[in-house]
Amino acid sequence: MNAPQGAPDIKALLGKVPTGLLIGGEWVESASGDTFEVLNPATEEVLATLASADADDALRALSAAADVQDEWARTAPRERAEILRAGFEAIVEHRDEFATLMTLEMGKPLAESDAEVTYGAEYLRWFSEETVRHYGRVSSTPEGTLRMITRYKPVGPCLLITPWNFPLSMATRKIAPALAAGCTMVVKPAKLTPLTTQYFAKIMLEAGLPAGVLNVVSGKSASAISEPIMADSRLRKMSFTGSTAVGRVLLESAAQNILRTSMELGGNAPLIVCEDANIEEAVAGAVAAKMRNGGQACTSANRIFVHEEVAQEFTEKFVAEIAAFTVGNGLDEGVRMGPLIEPAAVEKMEEFVRDATRKGAHVATGGARIEGKGYFFAPTVLTGVTPQMRVFQEEIFGPIAPVLTYRSEEEVLRLANTTEYGLASYVFTENIDRLWRMADGLEFGMMGFNAGVISNAAAPFGGVKQSGLGREGSAEGINEYTSVQYLGLRDPYSQRR
Ligand code: NAD
C-alpha cells in the first residue's frame, strides 16, 4: 500500500481511526470482546480490526442516547447550528484523510472520494442553516373558535442504519438533520465500510458534540444490533438506507412499536435518450449516471433507453468512452474505476452477463472479471437488452450498462415504469414539452433532465413505490426527525361572535 504523492500517510491515518464502539462519548470495547476485520477491496489486505457490538452493546448505546435526549432537544438552535458548522469545517479541513479512508475501505477512485467529501460535508452546512430557520405555523380554525399553533418537536432517539457505497454522505445525510432537529442517535454503519463513520464521529466530538448525542456501534451481525434497539420503547425513529429486501424486514420490525421510519431503498433507474437529445451531452450524462461509484449507487442508470433514430450514434460513442476506462486501485493516479465491494458482487456481475447473453444480448465492451488481487470487473456495455433479462429487472449495482432501443414516447414510458422501483430517472431531450410529458409519466421520486448527477444536500432525495418512504436533504429532510404538535388556544373573541 504505497501512498501517492501528497496523500496522507496511510498507516498514520489508519492509526487515527478509533476501533472501539462509541457509547456515551467514550470509545469502548464490546462487552463480549468480539471483533471484526475491515478489508481493502482493491488489495484484499486488512485495514483495521474493530470492536463488534452485540445486543448488550446496542442497548447500552440506546441508553446513552435516551439519557441525553431531553437535554439535547433543549439546546438553543444556534448552539446546534454552530456544532454542525464546526463539523462541516472540520471535514473540509481533513478532506484528504476522509477521501483516502473512503478509497481504502470502499475502493472508489480518489477523485470520486474527494467529491463525496464535498457532498457529505455539505449536509452539515445545509442543516446548520436549516436549524435556525425551522419554522412552524400560526393560523385560526375556520369557525374562529381557536388560534392554532403547529410546531415541530424532535421525534426522539433515532436508530440510523447506513450502507457501504457512500460511507460519508449516507451517514451525514441522516446524522446532520437528526442533530439539527434535536434528536440523539445510535448509528450502525455497514460492516464493510465503518472506518469513515468512526473517524467522522471522532471529528464531531472534537467539534463540540456533547457525549451521548451520537453513538456508533458497528458489528458483524446487523440484526443483533438493530433488533434489540427496535424492540425497545425508548426508540422513536428508524432511518435506513440500503436494499429493498432489508428495508422490508426492518419495516416489519418497526411495525411492532409503530416506529416512525425513513426508507431510502434500491433503484432501477431508466436513462432515456430522446431523438432530439444533444448526443454528446447524453453520452457524458450516461457515463456519469452509470459508472460513478463503479455503478454501485442507488441512482445508477440501470437501463439506458435510446431512440432508434439516434441509437447507433449514441451507442458507438458511449461504448468508446466506457472501453477507455482505466480500472485499478482507486489510490493510483489516472484510475477511473475501482474494485467492486466484495467477491459476491463480482460473481453477481458474471451471472448478469451470462443471463443476458444467453437471452440474446451482445457484449459491446467488457463482460468479465479482471483476474488478480482485488474484486475487479471490467466496465461493460450490453446491447440488444430486453425486459426478459435480469439486468432489466434487477438492481445491477455494478459497472454493467444495458442499452435498449425504443420507437415511441409511449413505449419508453411504459417500459421505464416496468419496475417495482421508483428512485432516480434521467431524460435527455432538447424539447421542453417532452420534458414535462416525461416528468408527468415517469413514476420516480427524482428526475435528471440533461443531467447525469442530481444528488445534492439542497435536493429532496427519495423514491416512490418500493424505493422507499420519506425524503433526505432539502427542507424536507429535517422534518423526518420531528413530530408535529398542534396547540389549540381559545380565541378571545369567539364568545362574542
Ligand atoms: P444492505 O441492505 O445489505 O445493507 C444496508 C445496511 O443495513 C448495512 O448497514 C447492513 O449492515 C444493514 N443490514 C443488513 N441486514 C440487516 C438486518 N437484517 N437488520 C438490520 N440491518 C441490516 O445494503 P447495502 O448492500 O449496504 O447497500 C446497497 C443497497 O443500498 C442498494 O440496494 C442501494 O440501492 C441502496 N441504497 C439506497 C440509497 C437511497 O438513498 N435510496 C442510497 C444508497 C444505497
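The values are calculated or read from the model by the stated rules, or taken from the named source; none is laboratory data. A quick note: this is a predicted structure, and the numbers were derived from the prediction, not measured. Note that we place each Cβ from the backbone using ideal geometry, even for glycine, and neighbour counts take in every protein chain shown. Areas reflect the complete protein model, heavy atoms only, side chains present, ligands, DNA and RNA absent. Shrake-Rupley method; radii C 1.70, N 1.55, O 1.52, S 1.80 Å.
Details
- Selected residue [more than 11 Å from the ligand (Cβ to nearest atom), open to solvent by 10 Å² or more (accessible area, probe 1.4 Å), at pLDDT 95 or above and of a type in the set (A, V, I, L, M)] from Ala222, Ala301, Ala201, Ala284: Ala284
- Test result for Ser239, part of a helix (DSSP H, G or I) and within 13 Å of the ligand (Cβ to nearest atom): no
- Listed by first and then second residue, the pairs with beta-carbon distance under 9 Å, at least 6 apart or on different chains, first residue in the stretch 251-264 and outside any strand (DSSP E or B) and of a type in the set (A, V, I, L, M, F, W, C), second within 11 Å of the ligand (Cβ to nearest atom) and open to solvent by 30 Å² or more (accessible area, probe 1.4 Å), are Leu251/Leu469; Leu259/Ser253.
- So Arg336, is it open to solvent by 60 Å² or more (accessible area, probe 1.4 Å), in contact with a Phe, Trp or Tyr (Cβ under 8 Å, 6 or more places away or on another chain) and over 14 Å from Pro41 (Cβ atoms): yes
- Selection of the stretch 440-476 for residues being more than 30 Å from Glu129 (Cα to Cα) and without any contact (Cβ under 8 Å) to a residue 40 or more places away in the chain yields Asp440, Gly441, Glu443.
- When Thr315 is tested against (1) open to solvent by less than 50 Å² (accessible area, probe 1.4 Å); (2) within 16 Å of the ligand (Cβ to nearest atom); (3) not in a loop (DSSP other than H, G, I, E, B), exactly one condition is not met: (2).
- Any hit, the stretch 381-394, residues being modelled with pLDDT of 95 or more and within 22 Å of Glu112 (Cβ to Cβ): yes
- Test: residue in the stretch 158-171 that is in contact (Cβ under 8 Å) with a residue 24 or more places away in the chain, buried (at least 24 other Cβ atoms within 10 Å of the Cβ) and more than 30 Å from Ala99 (Cβ to Cβ): no
- In the stretch 229-250, residue surrounded by the fewest Cβ atoms within 10 Å (Cβ to Cβ) [restricted to those that are in contact (Cβ under 8 Å) with a residue 40 or more places away in the chain and of a type in the set (Val, Ile, Thr)]: Thr244
- Within the stretch 104-120, the set of residues being farther than 18 Å from Thr43 by Cα and open to solvent by less than 10 Å² (accessible area, probe 1.4 Å) comprises Glu116, Val117, Gly120.
- Counted residues, the stretch 5-23 - those being crowded, with 16+ Cβ neighbours inside 10 Å and modelled with pLDDT under 95: 2
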